[in-house]
1. Segment 217-273 to segment 24-82: how many Å between their Cα centroids?
2. Over 28 Å between Cα atoms: which of 194/235; 24/84; 84/208 fall into that group?
3. How long is the gain from residue 45 to residue 79 if the chain were fully straight, where each residue apart is worth 0.36 nm and the alpha carbon distance is subtracted?
4. List 45, 248, 268 from most exposed to least, where exposure is judged by having the fewest other Cβ atoms within 10 Å.
5. Based on the Kirkwood radius over alpha-carbon pairs, what is the Stokes-Einstein translational diffusion coefficient of segment 138-233 at 25 °C with 0.890 mPa s viscosity, in µm²/s?
6. So between residue 5 and residue 122, what do we pick up on full extension, going 0.36 nm a residue minus the alpha carbon distance?
7. Assuming 0.36 nm per residue, please report the length gained on full extension of the stretch residue 211 to residue 262 beyond their Cα-Cα distance.
8. With angles folded into 0 to 90 degrees, how steeply does helix 56-71 sit against the dominant principal axis of the chain? Use alpha carbons for both and round to 10.
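What follows is calculated from the coordinates using simple rules that are stated; it is not laboratory data. Worth saying up front: this structure is predicted, and the values here are computed from it rather than measured. Glycine also receives a Cβ, built like all others from the backbone with ideal geometry; neighbour counts cover every protein chain displayed.
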Amino acid sequence: MISSDQTISLLEHLHEQRNLFRYKLPSRPDAGRFIDQLMRLLFPVTQDCQSATHDVGRTYQLLNDQLVCLLQPLGGLLHEDPEKIAPLFFDQLRTIYDDLLYDARAIAENDPASHGFEEVVAVYPGFYAIAVYRFAHALLLLDVPMLPRMLTEYAHSQTGIDIHPGAVIGRSFFIDHGTGIVIGETTVIGENVKLYQGVTLGATHVAKNMAHKKRHPTIEDNVVIYANATILGGKTVVGHDSVIGGNVWLTNSVEPYSLVYHQSQIEVKAKEV
């Protein structure tokens with residue numbers, strides 16, 4: 001029961017402000033459920049304690065219906081009907097799946113703490129964030145607005161890894177630990193690249209008039225970037241087979257086979273008793 005004049009005033013004000021919003025967006029919980037069910041379809045390595053359907057055909061159809069539902073609120077922002085976009089996305093799933101197998105194997109084969117492929121796809125936050133990025137990037141290439149970013153932000157909330165769906169990332173991408181990683185919209189990453197926690201691939205400054213320019217770095221093949229390194233700028237290129245050490249701040253390009261490291265002075269003194 002509405003019990004105060006203040007509450008009535010608030011509700012009236014909210015009703016008046018409805019025209020402030022130009023369009024509706026999908027539900028964030030629905031977007032999260034779609035992602036998690038899609039992961040279960042592609043990588044059925046976990047088992048519910050409660051009974052669940054294992055009918056792949058039915059699951060596939062349910063996911064198609066869920067994607068159509070997620071697209072419908074976007075309405076006039078879409079270039080095609082949701083019923084046409086959803087099958088185009090699922091047509092790409094085989095390629096995405098193959099790319100994710102390369103990613104998972106890169107982690108399983110190179111991380112000494114890994115106990116195998118199953119552990120990687122079931123529990124590794126880096127793999128989860130990469131998978132969601134690849135789904136979101138595919139939708140972005142189909143000119144779907146808003147939803148791709150919603151999917152990667154869901155993964156961000158689950159893992160602490162922030163990958164913009166507009167980034168271009170090659171195969172065998174390895175995120176180790178991952179917490180605090182930021183990969184900007186116009187970042188380009190080659191194949192066999194490895195990032196540790198806290199890495200930022202960002203822009204030198206933020207300005208709205210740069211929205212359609214390359215603002216983030218290019219990382220070529222076989223590069224390793226260690227924890228808390230920051231690499232900024234659209235013209236910055238890290239040459240292939242380079243190693244970027246921890247805590248490096250880099251705004252200039254480096255040649256292939258470079259070793260870049262941050263040098264700090266650490267003093268150890270005896271504690272006075």
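1. Centre-to-centre (Cα) distance: 39 Å.
2. Among 194/235; 24/84; 84/208, the Cα-Cα distance tops 28 Å for 84/208.
3. Values: separation 34, 0.36 × 34 = 12.24 nm, distance 3.63 nm.
Between residue 45 and residue 79, full extension yields 8.6 nm more.
4. Starting with the residue having the fewest Cβ neighbours, the order is 268, 45, 248.
5. It comes out at roughly 180 µm²/s.
6. On the way: separation 117, 0.36 × 117 = 42.12 nm, distance 5.16 nm.
That works out to 37.0 nm of additional length.
7. Going from the current span to full extension adds 15.3 nm.
8. Taking the Cα atoms of the chain, the angle to 56-71 is about 80 degrees.
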